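Participant: After the structure tokens below, expect a handful of questions from me.
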Amino acid sequence: MNGAEQPVLALAVDGLELRPWRAADAGALLAAAGDPGIRQWNLLTVPDRDAAEHRIARMRERWRAETGAIWALAPVDGGEVVGLVGWNDVDLAGGGAEIVYWLLPPARGRGLAVHAVERLTRWAFDDLGLHRLRLCHAVANEASCRVAGKAGYVYEGTMRGALLHADGWHDQHLHAVVRAG
Ligand SMILES: CC(C)(COP(=O)(O)OP(=O)(O)OC[C@H]1O[C@@H](n2cnc3c(N)ncnc32)[C@H](O)[C@@H]1OP(=O)(O)O)[C@@H](O)C(=O)NCCC(=O)NCCS
């Protein structure tokens, strides 16, 4: 990753692509932090535009440090960002990473998260050479559980009291997909 540009990845859906975040996307990140679902399930706290720009700059640093790879889901024609999908805890030596995602409300309800997760799963296996990919979500987040299953992430178990959300500790499902062969 270090030394290579983060690629733009085509998505065969709705005129959207996955591209690196830009400082000019700070407004979309602020909007996401103001959405109750994203705040609850992604624990996203972004108090102001400066913080949003800082977070976007951190994404670029994490790419160079080979620890994270975060994309904006956005129209190919340059319109506003509609979601985020990417990899946390990238471990190139250990061959693993954990996927994260959210969509702003207008982009929900048409299967976009599954498309984006499938695309980044192919990228992580084929381009990055990872071996095992994780997807974790609060048990109460049924939409995320559906995304996991439809994108091919197999349920492996429940991690008790795994994450502190605004309303207390939540159990999490662990899903994963392992590279064939
Ligand atoms: C989770 C999220 C990314 C799903 O994105 P999406 O592409 O809009 O997903 P869809 O609306 O196409 O729904 C996926 C599936 O979940 C189902 N679903 C949606 N909302 C649901 C709910 N509240 N309860 C149960 N199932 C639900 C849909 O019916 C669909 O199933 P189907 O394909 O079998 O019909 C999106 O809702 C979101 O950003 N939520 C807020 C943040 C979040 O939860 N992030 C994930 C943290 S792990």
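Participant: Quick check, is N42 within 23 Å of C136 (Cα to Cα) and in contact with an Asp or Glu (Cβ under 6 Å, 6 or more places away or on another chain)?
Facilitator: no
Participant: Looking at segment 48-60, is at least one residue charged (D, E, K, R), surrounded by fewer than 22 Cβ atoms within 10 Å (Cβ to Cβ) and without any contact (Cβ under 8 Å) to a residue 12 or more places away in the chain?
Facilitator: The answer is yes; a qualifying residue exists.
Participant: Could you identify the single residue in V154, V76, V177 that is under 28 Å from D14 (Cβ atoms) and either open to solvent by less than 40 Å² (accessible area, probe 1.4 Å) or within 11 Å of the ligand (Cβ to nearest atom) (or both)?
Facilitator: Exactly one residue qualifies, and that residue is V177.
Participant: Can you find a residue that is part of a helix (DSSP H, G or I) and open to solvent by 40 Å² or more (accessible area, probe 1.4 Å) anywhere in segment 96-112?
Facilitator: yes
Participant: Here's another thing I want to ask about it. Would you mind telling me which numbered condition in (1) buried (at least 18 other Cβ atoms within 10 Å of the Cβ); (2) assigned to a loop (DSSP other than H, G, I, E, B); (3) of a type in the set (A, V, I, L, M, F, W, C) W41 fails?
Facilitator: So the condition that W41 fails would be (2).
Participant: So is V82 modelled with pLDDT of 95 or more, β-branched (V, I, T), over 12 Å from the mean Cα position of the chain (by Cα) and open to solvent by less than 40 Å² (accessible area, probe 1.4 Å) or not?
Facilitator: Yes; evaluated as a whole, the condition is true for this residue.
Participant: Taking segment 11-46 only, how many residues are farther than 16 Å from L103 by Cα and at pLDDT below 95?
Facilitator: 1
Participant: Could you say which residue among A148, A140 is open to solvent by less than 30 Å² (accessible area, probe 1.4 Å) and of a type outside the set (D, E, K, R)?
Facilitator: Going through A148, A140 in turn, just one is open to solvent by less than 30 Å² (accessible area, probe 1.4 Å) and of a type outside the set (D, E, K, R): A148.
Participant: Being among the acidic types (D, E) and within 14 Å of L103 (Cα to Cα) is the requirement here; does E80 meet it?
Facilitator: When the stated conditions are applied, E80 passes them.
Participant: Moving to a separate point now. Yes or no: segment 86-95 includes at least one residue that is within 16 Å of the ligand (Cβ to nearest atom), open to solvent by 30 Å² or more (accessible area, probe 1.4 Å) and either of a type outside the set (S, T, N, Q) or not in a strand (DSSP E or B) (or both).
Facilitator: yes
Participant: If D126 passes every condition in (1) part of a strand (DSSP E or B); (2) open to solvent by 70 Å² or more (accessible area, probe 1.4 Å); (3) within 22 Å of A10 (Cβ to Cβ) but one, which one does it miss?
Facilitator: Looking at each condition in turn, D126 falls short on (1).
The values are calculated or read from the model by the stated rules, or taken from the named source; none is laboratory data. Since we're looking at a predicted model, the values are computed, not measured. Neighbour counts run over all protein chains shown; Cβ positions are idealised from the backbone, glycine included. Each accessible area value is taken on the protein alone, full model and side chains, heavy atoms only, with ligands, DNA and RNA left out. Shrake-Rupley method; radii C 1.70, N 1.55, O 1.52, S 1.80 Å.
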